[in-house]
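Input: a single structure, listed below in C-alpha cells.
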Amino acid sequence: ASMCDGGSKAGAKTAKADAGKAAKKKPDPKGLELIEQGDAAMSEKNFALAADLYAQAKAVCEASSVAPATKEKKPKAAPPAATNKPEAAATDEPAEEEKKPKLALSKPTENMQAKLLREGVDSQHNYALNSESKLKEHLSATGGCFRTRFPPEPNGYLHIGHAKAMNFNFGQARIARELGYGGETIMRFDDTNPTAEKQEFIDSILDNVAWLGHTPSKVTYSSDYFQQLYDLAVKLIEAGGAYVCHQTAAEIKASRDALKAYHSKKKEAPAGQPPPLPAEAASP
C-alpha cells in the first residue's frame, strides 16, 4: 500500500499524517521509532522508503495494546472569596464614562484652523488656516454642518479595511448630528480608471454600505467633474502652484532614492538644524 503512488513526496506526506494520527491515539514505542526512521528517509528524499516506514508505523500503533495518551487536566481556579461589601445599587443613570462624547468635534463655525499644525511647520506654510471669508464661504456650501466622504474606487469588492473607513467617515457625521452640529456623508465613487471599473462593483459597494447600516446623503462620481478638475489643474499651473513633470522613470527613482537618504541623515541631525536638501533630491 505504501508504494501505490510510485514513491511520490505527496504520498509520503499523506502516509506520515496517517501514522501521526495513529501514534497520537496509541503511542507505541516501536511505531514512534518507525516514524523517526521515516522522517530520516524524508530528509534524504527517499519518499518510497519513507512512505513504507510510515505505513508500518501506522499498522504497529493501530494494533498496539498501549493505552491511549490522555491530556492532563489543569485544576480549575477557586472562585473568588465572597465579600460582605454591598453590591452597587442598580440605577437607570448612565455611568460617567458613558456620558462622555465618543469623539471631540469642534463647532463648524469656529473651525478657523482646519487641522493641527505638524511640528516644524511655520505660519508661512500653514495651509490649513482659514480666513474669515473662506470659512464663511465653506459654511454657506455645507449649510454649517460636518461633511465627510467615503470615496472607494469601483475596481473590486470591498474588504475589512473599507469597513473601517466607512465606520470612521459615516461615524463622524453621526456624532456631529448627535452633538447638534448636523452631519452628512457623501458617497463619492473615485472612477478615474475606466479600464478597471465595472457597474458590478458599484452595485456591490452600494449594497455593502447599506448592509452595514450607512446611508449617504448623496452619491457622486469623480468622472462627473473631469473637465472641472482639468481646468483647475491648468489654472494652478498658470499660477505657479504646480508643474508638469517630464522626468523619466529612472530619473524619478534616482530622486526618490536621494530623498530617502536625505531623510535618514535628517533624523540624525541636531534638532532644528536639518542638513541642506541635495539638488538631486529636489523637484525639477
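Annotations for the structure displayed:
- HIS125 being out of contact with any Cys (no Cβ under 7 Å at 6 or more places or on another chain), without any contact (Cβ under 8 Å) to a residue 60 or more places away in the chain, within 30 Å of PHE226 (Cα to Cα) and loosely packed, with under 12 Cβ neighbours inside 10 Å: yes
- In the stretch 26-49, the residues that are touching a residue at least 12 places away in the same chain (Cβ under 8 Å) and within 18 Å of CYS61 (Cβ to Cβ) form Cβ pairs under 8 Å with partners that are crowded, with 19+ Cβ neighbours inside 10 Å and of a type in the set (Ser, Thr, Tyr), at six or more places apart or across chains, as follows: LEU34/TYR54; ILE35/TYR54; GLY38/TYR54.
- Search result, residues across the stretch 141-171 that are out of contact with any helix residue (DSSP H, G or I) (no Cβ under 6 Å at 6 or more places or on another chain) and buried (at least 18 other Cβ atoms within 10 Å of the Cβ): ARG147, MET166, ASN169, PHE170
- Residues located in the stretch 221-258, provided they are in a helix (DSSP H, G or I) and among the small types (Gly, Ala, Ser): SER222, SER223, ALA233, ALA249, ALA250, ALA254, SER255, ALA258
- Long-range neighbours under 8 Å by Cβ, at least six apart or interchain, first residue under 12 Å from ALA279 (Cα atoms) within the stretch 251-262, second open to solvent by 50 Å² or more (accessible area, probe 1.4 Å) and among the charged types (D, E, K, R): ALA254/GLU280; SER255/GLU280; ALA258/GLU280
- The set of residues in the stretch 103-122 that are charged (D, E, K, R) and surrounded by 14 or more Cβ atoms within 10 Å (Cβ to Cβ) is empty.
- Any hit, the stretch 178-189, residues being under 28 Å from ALA114 (Cβ atoms), touching a residue at least 12 places away in the same chain (Cβ under 8 Å) and surrounded by fewer than 12 Cβ atoms within 10 Å (Cβ to Cβ): no
- Listed conditions (1) of a type outside the set (Asp, Glu); (2) over 30 Å from PHE150 (Cα atoms); (3) surrounded by 12 or more Cβ atoms within 10 Å (Cβ to Cβ) are all met by LEU232, apart from (2).
- Residues of the stretch 114-140 that turn out to be hydrophobic (A, V, I, L, M, F, W, C), out of contact with any Leu (no Cβ under 9 Å at 6 or more places or on another chain) and assigned to a loop (DSSP other than H, G, I, E, B), as a count: 2
- LEU259 vs. criteria within 23 Å of THR192 (Cβ to Cβ) and either modelled with pLDDT of 95 or more or touching a helix residue (DSSP H, G or I) at 6+ places or on another chain (Cβ under 8 Å) (or both): no
- Odd one out for ASP191 among (1) closer than 30 Å to LEU105 by Cα; (2) touching a strand residue (DSSP E or B) at 6+ places or on another chain (Cβ under 9 Å): (1)
The values are calculated or read from the model by the stated rules, or taken from the named source; none is laboratory data. On a predicted model such as this, the values are computed, not experimentally measured, just so you know. Every residue, glycine among them, receives a Cβ derived from its backbone with ideal geometry; neighbour counts consider all protein chains shown. Ligands, DNA and RNA are excluded from the accessible area calculation, which covers all protein heavy atoms including side chains. Shrake-Rupley method; radii C 1.70, N 1.55, O 1.52, S 1.80 Å.
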